[in-house]
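Student: Attaching a single structure in C-alpha cells format; questions to follow.
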Amino acid sequence: MRLILLVFFYVLGFSTYGQFGFQWKSEKNKIVIPFTFVDNLIIIPIEVNNTKLNMLLDSGSEPSLIFSFPENDSIHLFNTRKIKISGLGNEEIAEGLLSNNNVANIQGFTNEDFQILVILDEDLNFSSRIGIPVNGILGYSFFQNNLVEINYTKKKITIYKDRKILESGKLKSYTKLPVKIVKDRPYLDVKTKLENKSHNLKLLIDTGMADGLWLFENDSIKSGKNYFEDVLGQGVGGTVLGKRSRLEEIQISKFKFSLPLVAYPDPTSYKQLEMVEGRDGSIGGGILKRFNVFIDYEGSQLLLKKNSLYDEEFNYNMSGIELQHNGVEWVKEQYVDTDNKSSKNEKNIIFDSENFKYRFTLKPVFEIATIRKNSPAELAGLLAGDRLLKINGRNVGNLSKQKLDEMLLDEDGKKMELEIERKGKVKKFEFHLKKIL
C-alpha cells in the first residue's frame, strides 16, 4: 500500500473570508516550480511569512493546512482564532487555529491574504510515512487564477501568466475535457465498468490523494467480490479504513485503463462530512501521474496528454507492511580509504586506525507502522513497531523509503527475507509476496 494523505474536512463556522487565491507578482510570463514526487504526491517549496516550508499540493482541499513546523525555524502567523473541525476518519471534533492575513509566496506567485488552518494534533504528521519533511498542505487556491501545468515525468509545475498558451500548437496533441467547478473544487465525469455494469461517475480531481481512485459505496456502486480490507490513510479525524479492489475498466474521455486499483473507504469515515451533491468519489495521483496535465479553472477544463508512465501497471503492496521513517542514528562502518578521500556529500565522523578508517555516518531508521490483517507479513509473525534492519540482505540505512516501498510492491511469489529488531533482540523472518487482486 502506498500511503495516501487524507485531509478532506469541514470547519464548524468556517468562512472563506479573504480567499482570492494567488496573484501574479512576477515580471516573468511563466513560473516554473520544481517539485518532489513521492508516493504519487507533489511536494513543493513555499514561503509563508518569509518562512520556508514544504507543502503537499492538494486540489481537493481548502483552507491550506500546517501540521508541523520546520526544524530550527519559527513561523509567525497573524489573526489567529481557535475553531472546531471535523474530518475524514471519524466523528470526533478536533481543535485547530485559523489564521488570516498571511503572505504566501512561490517565486512571485503570491497570496497576500493567505488563510491557514493549523492542526493541533501531533499524530497528523505525514513526514515519517513519506520519508521527507512535509509541513502542510497547499489547497486549491493555488489553481484558481492562472493556468497550471503539471509535468509528472519532469517533476515540475509551470504557471502561466495568461491563457495564450492554450492557442499554441504545443497543445494540439492534448485532449480537452470539461470539468465542473463546484465550491471552488474541480470535478470530472468518468465512466467505469464493474462486473459487466457501466457507471457514469462524478469524481473530485484530487492531486493530494496518492491512490488513483476512490469510490463511495451506495446502492449502485459496490465493491467487487475480490477485495481485501486495509488502512487507506490518515485523516484529520483519524485512521481511515476501507477495502481495496479492482475495476474492470475506467474510461476518461478516449483514455481507457484496464483493471485499475480502487479503494472504497468505510462509510463511517466520511458520513459526517458535507459532500457535493452527486459526487461518487475522487481521482488521484495514481491515475493523474500518467498524463501531462493542464488545469484551467477559468475555462473549466482539464487538458491531458499521455506520458511515459501511462502504461505502468497498477501495483499495490503485496507484503502488507507499511513502513515509516523514525529518525536517524550514527552507524559505524569500517572501510579502506584507498585514495584518502571521504565523501563530501555525507555527514561523516572519521577515525583512523592504521590501514582502516572507521566512519560514523547518519543513517535513516525505519520501522513497521502498520501491518495489514492476514497479510503475508502478519502471518509470518512481524509486528507493528518492529525496527527494520535488513531486507533481502540489504541494510535499510542505505536505502530510501521510496526504494523500500518499491521492493514491497514486487512480483507475486517473490521471497522476502527481513531482519528486524524487537525489544533489543534481532530476529529474522521470511515470507512470500502474494497477489490477492
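The values are calculated or read from the model by the stated rules, or taken from the named source; none is laboratory data. Treat the numbers as computed from the prediction; the structure is a model and nothing was measured. Positions of Cβ are backbone-derived with ideal geometry, glycine not excepted, and every protein chain shown enters the neighbour counts. All accessible areas refer to the heavy atoms of the entire protein, side chains included, with ligands and DNA or RNA removed. Shrake-Rupley method; radii C 1.70, N 1.55, O 1.52, S 1.80 Å.
Student: Please verify whether the stretch 390-404 includes one or more residues that are outside any helix (DSSP H, G or I), at pLDDT below 90 and either open to solvent by less than 40 Å² (accessible area, probe 1.4 Å) or within 12 Å of F431 (Cβ to Cβ) (or both).
Tutor: yes
Student: May I ask you to verify whether I85 is at pLDDT 90 or above, assigned to a strand (DSSP E or B), open to solvent by less than 10 Å² (accessible area, probe 1.4 Å) and out of contact with any Cys (no Cβ under 9 Å at 6 or more places or on another chain)? Step through it out loud before you land on a result.
Tutor: Values: at pLDDT 90 or above: no; assigned to a strand (DSSP E or B): yes; open to solvent by less than 10 Å² (accessible area, probe 1.4 Å): yes; out of contact with any Cys (no Cβ under 9 Å at 6 or more places or on another chain): yes.
Criteria not met by I85.
Student: Filter the stretch 156-183 down to the residues that are within 29 Å of L247 (Cα to Cα), out of contact with any Pro (no Cβ under 9 Å at 6 or more places or on another chain) and open to solvent by less than 70 Å² (accessible area, probe 1.4 Å) and list them by number.
Tutor: If the condition is that a residue be within 29 Å of L247 (Cα to Cα), out of contact with any Pro (no Cβ under 9 Å at 6 or more places or on another chain) and open to solvent by less than 70 Å² (accessible area, probe 1.4 Å), then S173, Y174, T175, L177, I181, V182 are the ones that fit.
Student: Could you tell me which residue of the stretch 230-280 is surrounded by the most Cβ atoms within 10 Å (Cβ to Cβ), considering only residues that are small (G, A, S), at pLDDT 85 or above and not in a strand (DSSP E or B)? Steps first, answer last, please.
Tutor: Quick first cut of the stretch 230-280, residues small (G, A, S) only: 233, 235, 237-238, 242, 245, 253, 258, 263, 269, 278.
When the remaining residues are screened for being at pLDDT 85 or above, the result is 242, 245, 253, 258, 263, 278.
Subsequent filtering for residues that are not in a strand (DSSP E or B) retains 253, 278.
Values: S253: 15, G278: 11.
Of everything passing the filter in the stretch 230-280, S253 is surrounded by the most Cβ atoms within 10 Å (Cβ to Cβ).
Student: Within the stretch 134-148, track down each residue that is part of a strand (DSSP E or B) and open to solvent by 10 Å² or more (accessible area, probe 1.4 Å). Spell out how you get there, then give the answer.
Tutor: From the stretch 134-148, those part of a strand (DSSP E or B) are 136-138, 147-148; that's our starting set.
The answer is none; no residue qualifies.
Student: Any residue in the stretch 390-416 that is over 15 Å from E367 (Cβ atoms) sitting within a Cβ distance under 6 Å of a residue that is open to solvent by 20 Å² or more (accessible area, probe 1.4 Å)? List the pairs, counting only those 6 or more apart or interchain.
Tutor: Final answer for the pair search is N392/E417; L409/N315; D412/K435; G413/H432; K415/H432.
Student: Can you tell me which of G139, G169 is free of Cβ contacts under 8 Å to residues at least 40 places away in the same chain, on the phi < 0 side of the Ramachandran plot and not hydroxyl-bearing (S, T, Y)?
Tutor: On the way: G139 fails: free of Cβ contacts under 8 Å to residues at least 40 places away in the same chain.
Answer to the check: G169.
Student: Going by the structure shown, is F14 surrounded by 19 or more Cβ atoms within 10 Å (Cβ to Cβ), at pLDDT below 50, closer than 24 Å to I85 by Cα and of a type outside the set (A, V, I, L, M)? It would help to see each step written out before you state the result.
Tutor: Values: surrounded by 19 or more Cβ atoms within 10 Å (Cβ to Cβ): no; at pLDDT below 50: yes; closer than 24 Å to I85 by Cα: yes; of a type outside the set (A, V, I, L, M): yes.
Judged against the criteria, F14 is not a match.
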